[in-house]
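Chemist: Quick one: structure below, then a few questions.
The values are calculated or read from the model by the stated rules, or taken from the named source; none is laboratory data. These figures come from a predicted structure and were not determined experimentally. Glycine also receives a Cβ, built like all others from the backbone with ideal geometry; neighbour counts cover every protein chain displayed. Note: areas computed on protein heavy atoms with side chains; ligands, DNA, RNA excluded. Shrake-Rupley method; radii C 1.70, N 1.55, O 1.52, S 1.80 Å.
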Amino acid sequence: MILVEDSVDVLIVGAGPAGLSTAYHLNDSGLEVIVFESSYNPRSKPCAGLLQAEAFDEFPILRSVPKVAVEDVIVTYNDIEYHVEFEEPIAYVIDRTSAGWTLAGRMDAELELGGSVVDVKRIEEGRIVRVLRPDGETEEYKTRYLVGSDGALSIVRRKAGFHDRVNEYTIGSAYQAIVSGFYKPRLLLGRWAPKGYARVYPSPTGETRIGLGTLKAYSKGYRDKLFELLALYDIETYTPQFGYVPLVGRIKESVKNGAFLVGDAAGHVQPLNGMGIYYAMKAGKYAAEAIKKEDEMEYEKLRKSSFGYDLHLGRKALEKGIKSKVKKRFTKRLAKITAELLMGRVTKMNLIKARLIMKLGV
Ligand SMILES: Cc1cc2nc3c(=O)[nH]c(=O)nc-3n(C[C@H](O)[C@H](O)[C@H](O)COP(=O)(O)OP(=O)(O)OC[C@H]3O[C@@H](n4cnc5c(N)ncnc54)[C@H](O)[C@@H]3O)c2cc1C
């Protein structure tokens with residue numbers, strides 16, 4: 001039974017970093033904004049929580065969130081191991097639940113937990129969005145702007161007429177285990193995670209997330225690889241998790257007739273390392289700016305100039321890395337540059353350096 005029909009200016013689907021950032025950056029807009037989140041928590045999704053250091057300059061609101069600084073990391077390639085140190089923290093592991101509540105607590109938007117968006121229909125002045133409540137009732141909302149920040153398997157992407165490019169070569173499969181206690185940051189390559197990488201990140205909640213990922217097409221046997229990693233640390237008690245990560249790289253369109261795709265829903269993830277929190281936060285900010293200006297193409301402009309090229313570069317490097325048959329001599333320099341790339345610094349300069357080091361074997 002349909003209960004009521006209500007009307008809002010902006011309806012946001014999903015309270016992950018993308019949706020919450022959009023809502024937060026709409027604070028001074030005077031628009032009526034509502035966020036629907038199907039879970040009861042913004043948001044404890046499977047994620048290791050590693051965030052680039054520069055994200056805290058761009059989003060000062062995150063500075064108060066509990067975090068662990070990553071100042072050094074062990075890099076393991078098959079059985080070779082290096083200890084890599086950075087002059088200052090390259091990244092921080094944040095507690096995502098705490099980050100979610102921090103943003104939610106500072107936004108003017110209404111947050112509806114436990115409501116799942118199940119359908120979207122286009123009408124002349126916007127869209128009608130159908131929401132399924134936890135009690136089984138449905139409600140319909142009319143909205144001028146719709147923001148799909150509902151993750152890798154976005155329903156908004158499918159229902160609002162975006163080209164859905166998800167296939168086993170554009171989506172990554174990520175396995176992780178949450179274990180109690182503090183384990184030192186570590187990256188593992190080669191036989192530990194063929195055509196992908198594994199990582200160990202301690203979180204500020206006193207747990208460590210140990211996981212690995214690659215493109216879905218190459219992820220056969222990855223669950224067993226997770227057990228190998230756990231065995232390396234003699235871990236027998238853990239909480240297993242699985243999640244998809246979009247690794248498309250070049251994104252053709254993230255906005256269409258008042259519907260915005262933000263974060264994972266749009267594929268705003270660095271394909272080389274699977275990191276998406278920072279891009280989700282940025283994209284949310286740009287979507288809010290475009291909505292405030294009533295100029296949706298502003299969103300495409302901002303997100304392309306901010307990180308479009310980086311994602312494209314990362315995807316190219318991922319494809320090259322997967323196809324490469326060259327046996328690498330794993331040097332300390334290569335370990336350092338690999339760590340930088342896998343912990344968020346995917347720049348043209350770092351990719352050139354990595355290629356040179358591999359060619360010269362230094
Ligand atoms: C195992 C794993 C580890 C990762 N580790 C890292 C990392 O260390 N660092 C990093 O930067 N990135 C990491 N990522 C990627 C990162 O988690 C995502 O890029 C990031 O969460 C994207 O934010 P988002 O807001 O776009 O989507 P999400 O965080 O997925 O949020 C989407 C929200 O939408 C809600 N939702 C979905 N459908 C509906 C619906 N129909 N109605 C209402 N609500 C809905 C979901 O419940 C969810 O809360 C990891 C991913 C995985 C799977």
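Chemist: Enumerate the strands (runs of 3 or more DSSP E) found wholly within region 1-106, keeping only those where 2 or more residues are more than 16 Å from the ligand (Cβ to nearest atom).
Modeler: Hits in region 1-106: 2-13, 72-77, 80-85.
Chemist: Open to solvent by 10 Å² or more (accessible area, probe 1.4 Å) and touching a residue at least 24 places away in the same chain (Cβ under 8 Å): does that describe ILE90?
Modeler: Criteria not met by ILE90.
Chemist: Of all residues in region 294-333, count the ones that are of a type in the set (A, V, I, L, M), open to solvent by 30 Å² or more (accessible area, probe 1.4 Å) and at pLDDT 95 or above.
Modeler: 2
Chemist: Same structure, new question: Counting just the residues of region 270-300 that are under 30 Å from GLY321 (Cα atoms) and in a helix (DSSP H, G or I), which one comes out farthest from the ligand (Cβ to nearest atom)?
Modeler: By that ranking, first place goes to GLU300.
Chemist: Let me ask something additional. Quick check on region 79-97. Is at least one of its residues under 20 Å from ARG144 (Cβ atoms) and β-branched (Val, Ile, Thr)?
Modeler: no
Chemist: Here is a follow-up. Is it the case, given these coordinates, that GLY190 is modelled with pLDDT under 95 and farther than 16 Å from ALA266 by Cα?
Modeler: Yes, satisfied.
Chemist: Say whether the condition of being within 16 Å of the ligand (Cβ to nearest atom), acidic (Asp, Glu) and farther than 25 Å from VAL245 by Cβ is met by at least one residue in region 140-162.
Modeler: yes
Chemist: Looking at region 335-355, which of its residues are without any contact (Cβ under 8 Å) to a residue 60 or more places away in the chain and part of a helix (DSSP H, G or I)?
Modeler: Within region 335-355, ILE337, LYS348, MET349, ASN350, LEU351, ILE352, LYS353, ALA354, ARG355 meet the criteria.
Chemist: Checking the conditions here, which among GLU207, GLU253, GLU168 is in contact with a helix residue (DSSP H, G or I) (Cβ under 7 Å, 6 or more places away or on another chain) and on the phi < 0 side of the Ramachandran plot?
Modeler: Of the residues listed, the single one that is in contact with a helix residue (DSSP H, G or I) (Cβ under 7 Å, 6 or more places away or on another chain) and on the phi < 0 side of the Ramachandran plot is GLU168.
Chemist: Of (1) open to solvent by 30 Å² or more (accessible area, probe 1.4 Å); (2) more than 10 Å from the ligand (Cβ to nearest atom); (3) in contact with a Ser or Thr (Cβ under 6 Å, 6 or more places away or on another chain), GLY126 satisfies all except one. Which?
Modeler: For GLY126, the failing item is (1).
Chemist: Among what's in region 258-269 and is within 10 Å of the chain's Cα centre (by Cα) and near the ligand (Cβ under 8 Å from one of its atoms), pick the residue that is surrounded by the most Cβ atoms within 10 Å (Cβ to Cβ).
Modeler: GLY263
Chemist: For region 339-362, enumerate the residues that are open to solvent by less than 50 Å² (accessible area, probe 1.4 Å) and within 15 Å of GLN52 (Cα to Cα).
Modeler: If the condition is that a residue be open to solvent by less than 50 Å² (accessible area, probe 1.4 Å) and within 15 Å of GLN52 (Cα to Cα), then ALA339, GLU340, LEU341, LEU342, MET343, GLY344, VAL346 are the ones that fit.
Chemist: Going through region 240-257 one residue at a time, which ones are small (Gly, Ala, Ser) and within 7 Å of the ligand (Cβ to nearest atom)?
Modeler: GLY243
Chemist: Search region 107-118 for residues being of a type in the set (A, V, I, L, M, F, W, C) and surrounded by 15 or more Cβ atoms within 10 Å (Cβ to Cβ), and hand back the single one that is nearest to the ligand (Cβ to nearest atom).
Modeler: Checked region 107-118; the qualifying residue nearest to the ligand (Cβ to nearest atom) is VAL117.
Chemist: Only one of (1) open to solvent by 10 Å² or more (accessible area, probe 1.4 Å); (2) at pLDDT 95 or above is not met by MET281, so which one is it?
Modeler: Checking MET281 against (1) open to solvent by 10 Å² or more (accessible area, probe 1.4 Å); (2) at pLDDT 95 or above, the one that fails is (1).
Chemist: Kindly indicate which of THR208, THR239 is crowded, with 24+ Cβ neighbours inside 10 Å, of a type in the set (S, T, N, Q) and not assigned by TED's automatic domain parsing to the domain that holds LEU31.
Modeler: THR208
Chemist: Any residue in region 236-244 that is touching a helix residue (DSSP H, G or I) at 6+ places or on another chain (Cβ under 7 Å), more than 28 Å from TYR299 (Cβ to Cβ) and modelled with pLDDT of 95 or more?
Modeler: yes
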